[in-house]
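Take a look at the structure below.
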Amino acid sequence: MTWLFEDAIQKREFISYEEKKGFFQINVNDGIFRIVRHAPKIIETTFISKGESFFEDSHAVISEGDIYYTISREDEQYVYIITDGIKVTIQKQPFNISYSYKGKEITTVKNGYQKTDDFETISFNLKPEEVLYGGGARALGMNRRGNRLELYNKAHYGYEDRSELMNYTMPIVVSSNKYLIHFDNAPIGFLDLDSKADNTLTYETISGRKTYQVIVGDSWLDLTKNYTKLTGTQPMPPRWALGNFSSRFGYHSQEEVTATVEKFREENIPLDAIIIDIFWFGKTIQGTMGNLAFDRDSFPNPKQMIKGLKDNNVKTVLVTEPFVLTTSNRWDEAVKADVLAKDSIGNPFTFDFYFGNTGLIDIYNPKGKKWFQNIYKDLADLGVSGVWGDLGEPEVHPKGLHHATGTADEVHNIYGHNWAESVQEMYTQNFPNTRPFILMRAGSSGSQRFGMIPWSGDVNRTWGGLQSQPEIALQMGLQGLAFMHSDLGGFAGNNLDDELYARWLQYGVFQPIYRPHAQEEVPAEPVFRSDKAKALAKESIELRYKLLPYNYNLVFENNQTGAPLMRALFFEEEDNKKLQTNASTYLWGNDFLVTPIVQSEQKGAKVYFPKNSNWFDFYTNKKVEGGQTLTVKTEENYIPTYVRGGAFIPTAKPMQSTAEYNGTNVDLHYYYDASVTNSKRTLYNDDGATKNAFEKGSYEILEFEAETTTKLLELEFEAETGANYKTTTKNIDVVIHNFPKAPKRIKSNGKKVDYNYNEATKTLRFNLQWETSKDLETQIKY
């Protein structure tokens, strides 16, 4: 590759600047720069070369920029664009652009957009101490600095603890200095995170928009909030999506599906959905993809099957792929309907891959998009509750293939993104009150706003495969896709390891989606495992359901603010450099501290306890002071899990399906810590199904507050109820952990309350009936 940076940058000369409607324009000898403010902490810069047009449409950004709250100044050497947040400084000679916030430099351009022999590039200066995250889903260690990352969505079958290229590659760099650069462009390329060790960040692409946004945050939560403000927040999925899934590759018949669900019910293992892989449309792996209709020999009455499952509180999710094989039942229909991507002379482009000789649905052709959407509508009308989009990288995407809007390489990285968008659009048009469940193997920046549920691909069924999962999920949460999760138990290979299986499912309790899935040679479902593995799995699944109120509140928080569900420890201690590369322990929401067990026969786990809180063992109530690292003894039936002192943790009563939960009967755990004199948490609730329930006023938010003095603990409950939500009386079993002694008395709104105090465990229990139209105050005198 020939780098033209030094010579080229000397040729870029400042000519003038002017204020246009909605943006500032910097005129240079070889083009113009457009600078737009999206928000105080988000600034966008675009370079338009001479002879090129401005590509206005972004696949990722939904915010419309403006220059409100922005002023500009000019002197002999500089032009300053001063927003109410980020300041942009344009140096005239030699021409350069830098960004600062609150008087501190964020980043500076090293070499502006240039053309090399292979790519269009831009580079930025890095500070020596910066840790870099981003680039999508990869297993590289938390600090990705030093890698040149290919931007080409590609499946990595059977990966373990290292994977340089996976299904989600995103043009995003996140710095440990709490800024993010989003290269707002879809075509393939590379993201070079200082691979030459010369303090340089470089974005390389084959074509497209020369646009990037610089985003800052006053905290990590503020940074993720600002990024999702730019690219969209995740719609709330249906509540059943937080339950347990039965899934494998795959169920071969209607009889097998119904028998599997009955097995869960017989074993009293909670279940909310079953995912049916490719055998729903054909008896063989090869030759049938693209049928996209039930094979009636294997599934003689799908409507009856789906209804029977739904009557049993189990939703049906079907796999679909964007490939139509020339041997499939729909090939002639697809060709006649003109829905397939083309070759250079306008015929359907056909090629061979693992599943057969195929064409690819062109979702960028309105005909192809509508044809695919109609298939999804028909399935939804049949009662199917969720869409699984597989192989959407696309898995094979020949360079010579042409879509209606561009070449394969130009849309490759956003094919899954736009596929999810089309599914969401179908639901919006035909089922406007339904929250879609959209499970996708590939996507891009901003995909979260389509309700996309990403997973980490075909991970190996080994300890190495498990070891990479927390890192992948934590990284994706930083990049907006907070529902990243893994095939619990691992997917690839025939490794029957009950210990690995149990540890993976225990980790799954504290990651976004609970979905064991694997190749069928070794069962993914706990009901078909050994008695011991089944018992351990059942315990984890029951805990997952117990945490449903807490988890659902996390989903709402993510929907409102973009806050990741899984959070790296540096969210908690932002200036602790030792935590910048730690993925072994993480926060689940604000109040759980979790350390997965990722090695066989691991007797102890090293846990760092963040210093700003005390922490309580979720299982033993043992108190640990924050600010220290301890080696914790492991237990067979759970992973090290701690709760923040002063936290309210709402939990649910036992259930076999989330359909049994409505938020009326809740256990409310308070982790008493004398050092926390005031504590406040909220709990969001709605019907779990209606799209945009919060915006429609069909919700309630319960607020819990604790105030502690030397002799009194006062609990105050308040409720905010949407205009279209019917209030109910809550039956709340209060459990106070670490309470120092038996209280002298408890009164709630002036009435005496009976209680039980266990001196050995220091646990106080009592029941409250709360009519949420009124506030409730409870005094515990001790």
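With Y545, Y586 as the choices, which residue is within 21 Å of Q448 (Cβ to Cβ) and touching a residue at least 60 places away in the same chain (Cβ under 8 Å)? Answer to the check: Y586.
Looking at (1) part of a loop (DSSP other than H, G, I, E, B); (2) farther than 30 Å from F570 by Cα; (3) within 23 Å of the chain's Cα centre (by Cα), which is the one condition that is false for Q234? It fails just one condition, (2).
Against the test of being out of contact with any helix residue (DSSP H, G or I) (no Cβ under 9 Å at 6 or more places or on another chain), assigned by TED's automatic domain parsing to the domain that holds D378 and either farther than 20 Å from L223 by Cβ or surrounded by fewer than 24 Cβ atoms within 10 Å (Cβ to Cβ) (or both), the options N418, N494, N433 yield a single qualifying residue, N433. Counting residues in the stretch 698-707 that are small (G, A, S), without any contact (Cβ under 8 Å) to a residue 40 or more places away in the chain and assigned to a strand (DSSP E or B) gives zero.
The set of residues in the stretch 250-260 that are surrounded by fewer than 22 Cβ atoms within 10 Å (Cβ to Cβ) and either assigned by TED's automatic domain parsing to the domain that holds D352 or β-branched (V, I, T) (or both) comprises T258, T260.
Report whether or not R162 is basic (K, R), surrounded by fewer than 22 Cβ atoms within 10 Å (Cβ to Cβ), closer than 17 Å to E471 by Cβ and not assigned by TED's automatic domain parsing to the domain that holds G392. Criteria met by R162.
Checking each residue of the stretch 95-113 against the condition of being part of a loop (DSSP other than H, G, I, E, B), in contact (Cβ under 8 Å) with a residue 24 or more places away in the chain and assigned by TED's automatic domain parsing to the domain that holds I43 gives at least one match. Looking only at the stretch 76-103, residues that are within 31 Å of the chain's Cα centre (by Cα) and over 20 Å from F14 (Cβ atoms) come to 6 in all.
You will find that of K696, K691, K726, K730, the residue that is of a type in the set (K, R) and closer than 15 Å to L668 by Cβ is K730 and no other. The set of residues from the stretch 727-763 being touching a residue at least 40 places away in the same chain (Cβ under 8 Å), assigned to a strand (DSSP E or B) and surrounded by 12 or more Cβ atoms within 10 Å (Cβ to Cβ) comprises K730, N731, I732, D733, V734, V735, I736, H737, T763.
Evaluating Y699 against the criteria (1) surrounded by 19 or more Cβ atoms within 10 Å (Cβ to Cβ); (2) farther than 19 Å from Y550 by Cα leaves one unmet condition, (2).
When S123, S58, S100 are screened for being among the polar types (S, T, N, Q), closer than 30 Å to G451 by Cα, modelled with pLDDT of 95 or more and surrounded by 14 or more Cβ atoms within 10 Å (Cβ to Cβ), only S58 passes.
Taking P512, is it over 10 Å from the mean Cα position of the chain (by Cα) and either within 18 Å of N558 (Cβ to Cβ) or in a loop (DSSP other than H, G, I, E, B) (or both)? The answer is no for P512. For the stretch 555-569, the tally of residues that are touching a helix residue (DSSP H, G or I) at 6+ places or on another chain (Cβ under 9 Å) and either hydrophobic (A, V, I, L, M, F, W, C) or surrounded by 21 or more Cβ atoms within 10 Å (Cβ to Cβ) (or both) stands at 10.
Taking the conditions (1) surrounded by fewer than 20 Cβ atoms within 10 Å (Cβ to Cβ); (2) among the hydrophobic types (A, V, I, L, M, F, W, C); (3) under 36 Å from the mean Cα position of the chain (by Cα) in turn, I71 satisfies each one other than (3).
Tell me yes or no: at least one residue of the stretch 179-195 is free of Cβ contacts under 8 Å to residues at least 24 places away in the same chain, more than 23 Å from the chain's Cα centre (by Cα), surrounded by fewer than 21 Cβ atoms within 10 Å (Cβ to Cβ) and in a loop (DSSP other than H, G, I, E, B). Checked the stretch 179-195: no residue is free of Cβ contacts under 8 Å to residues at least 24 places away in the same chain, more than 23 Å from the chain's Cα centre (by Cα), surrounded by fewer than 21 Cβ atoms within 10 Å (Cβ to Cβ) and in a loop (DSSP other than H, G, I, E, B).
The values are calculated or read from the model by the stated rules, or taken from the named source; none is laboratory data. Nothing here was measured: the structure is a model prediction, and the numbers come from that model. Glycine gets a Cβ as well: all are built from the backbone with ideal geometry, and neighbour counts include every protein chain shown.
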